[in-house]
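Here is the structure we will look at, set down as structure tokens.
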Amino acid sequence: MKKILAFRNDRFGEFLLNIPAFRAIKEIYPEIELHVVVAPSVEGIAGSVPFIDKVLVRPSGPCPWWEDMALIGGLRREKYDAAVVLNPSREAHQIIFWARIPVRVGYSRKHHFLLTKTLEDHKHLGLHHEVDNNLDLVKLLGASTADKTLQLNIPADVKAAVVKKFSLDPHEAMVAVHPWTSDPVKQWPLERFKELVDGLAKDFPGKILIIGKPEPWHDESAFPSPLWGGVGEGGCSRIIDLRGKTSLLEAAAALSFCRCLASCDSGPMHLASAVGTPVVALFRNDMPGKNPKRWGPWGEGHIVIQQASMDAITVDNVLLVLKSKLG
């Protein structure tokens, strides 16, 4: 084989959990070029995955036909030997079929008859972590690896720019908090995140970074900037407001300086794992397809606080775990 194409064009957290699968492909076929199709929002971070040789972009879901025809034409010219669709969609299966890629691998759903090798999709049962699910799929290409770690190479100039932009000291103690999640059923109440930040500000001597940005469904009308950002009356100067102010690469750089991240199930949780920052993750454990066994922070040194409802997780419990983690 000379070229392999992979599709993973959904949210960036899900994308990051494919890094071991990309490594597996490159370990078994070290001479091949691995090209990966990602969502537009993921393009910047995908370039920092060391196993990817070329990043292509296509949004998930339907696109104008002329855009897909242009993509198909470009894929035909590349003459791929195989393609693997890691997040099943009719569009992706159709694209690799019309691109005339001879070996087409994916899950047995969503026009799977267009594929040449398929795997039954049991991910919704939550029996295995998403990293292992992705590795199981690329086994159909003969790919495997003993190294299941996540890996991102954040450029030194990006780290330096983040230090300068937000007046950070990489040698100072820092902790990050990401208060949001993309799914309302996985959201810890924002009021409790406020209490958590207040508690940290009293006892933790370093800086507290508020990272990420709210989803459209979040109502932050009761949460003005001083509440999170440490500016204005009653604000704490050690609370640094990074909400919506960083690219994914910049957020990764900021997280790499932190001793820990507190977060619900979210993309930044996986981003922290990928740069080696321990996570204290808050999860519901009553929904198999969304449980921490499938989506929890990957790797060593993380702590998952889980209950049957997010309301059952108390601020005192999270503070206690964080303080023990931060020493």
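The values are calculated or read from the model by the stated rules, or taken from the named source; none is laboratory data. Quick caveat: nothing in here was measured; it's all calculated off a predicted structure. Cβ coordinates were reconstructed from backbone atoms using ideal geometry, including for glycine residues, and neighbour counts include every protein chain displayed.
Note on segment 281-293: residues that are touching a residue at least 40 places away in the same chain (Cβ under 8 Å) and either touching a His at 6+ places or on another chain (Cβ under 9 Å) or outside any strand (DSSP E or B) (or both) amount to 6. The residue list Phe257, Phe283, Phe223 contains one member that is of a type in the set (A, V, I, L, M, F, W, C), at pLDDT 95 or above and in contact with a Leu (Cβ under 7 Å, 6 or more places away or on another chain), which is Phe257. Checked against (1) under 30 Å from Tyr80 (Cβ atoms); (2) outside the structural domain of Ala24 (by TED's automatic domain parsing); (3) more than 17 Å from the chain's Cα centre (by Cα), Leu150 meets all criteria but (3). Pairing each residue of segment 134-152 that is touching a residue at least 40 places away in the same chain (Cβ under 8 Å) with any residue that is among the hydroxyl-bearing types (Ser, Thr, Tyr) and assigned to a loop (DSSP other than H, G, I, E, B), provided the two are 6+ apart or on different chains, yields C-beta distances under 6 Å for Leu152/Ser48. On inspection, Val318 passes the criterion of being out of contact with any Ser or Thr (no Cβ under 8 Å at 6 or more places or on another chain), surrounded by 20 or more Cβ atoms within 10 Å (Cβ to Cβ), within 17 Å of His178 (Cα to Cα) and of a type in the set (Val, Ile, Thr). Of all the criteria given as (1) part of a strand (DSSP E or B); (2) farther than 23 Å from Pro268 by Cα; (3) out of contact with any helix residue (DSSP H, G or I) (no Cβ under 6 Å at 6 or more places or on another chain), the one not satisfied by Leu56 is (2). Looking only at segment 236-280, filter to residues that are outside any loop (DSSP other than H, G, I, E, B) and free of Cβ contacts under 8 Å to residues at least 40 places away in the same chain; which one of those is surrounded by the fewest Cβ atoms within 10 Å (Cβ to Cβ)? Ranking the qualifying residues of segment 236-280, first place goes to Asp241. Of the residues making up segment 63-75, at least one is at pLDDT 95 or above, in contact with a strand residue (DSSP E or B) (Cβ under 9 Å, 6 or more places away or on another chain) and either more than 29 Å from Pro30 (Cα to Cα) or loosely packed, with under 15 Cβ neighbours inside 10 Å (or both). Can you tell me which of Val105, Val84 is in contact with a Gly (Cβ under 9 Å, 6 or more places away or on another chain) and closer than 18 Å to Leu34 by Cβ? Going through Val105, Val84 in turn, the sole match is Val84. With respect to Leu115, is the statement that it is more than 30 Å from Gly299 (Cα to Cα), modelled with pLDDT of 95 or more and crowded, with 19+ Cβ neighbours inside 10 Å true? When the stated conditions are applied, Leu115 passes them.
Scanning segment 98-114 for residues that are of a type outside the set (Gly, Ala, Ser) and over 27 Å from the mean Cα position of the chain (by Cα), we see that the one that is farthest from Ile4 (Cα to Cα) is Phe113.
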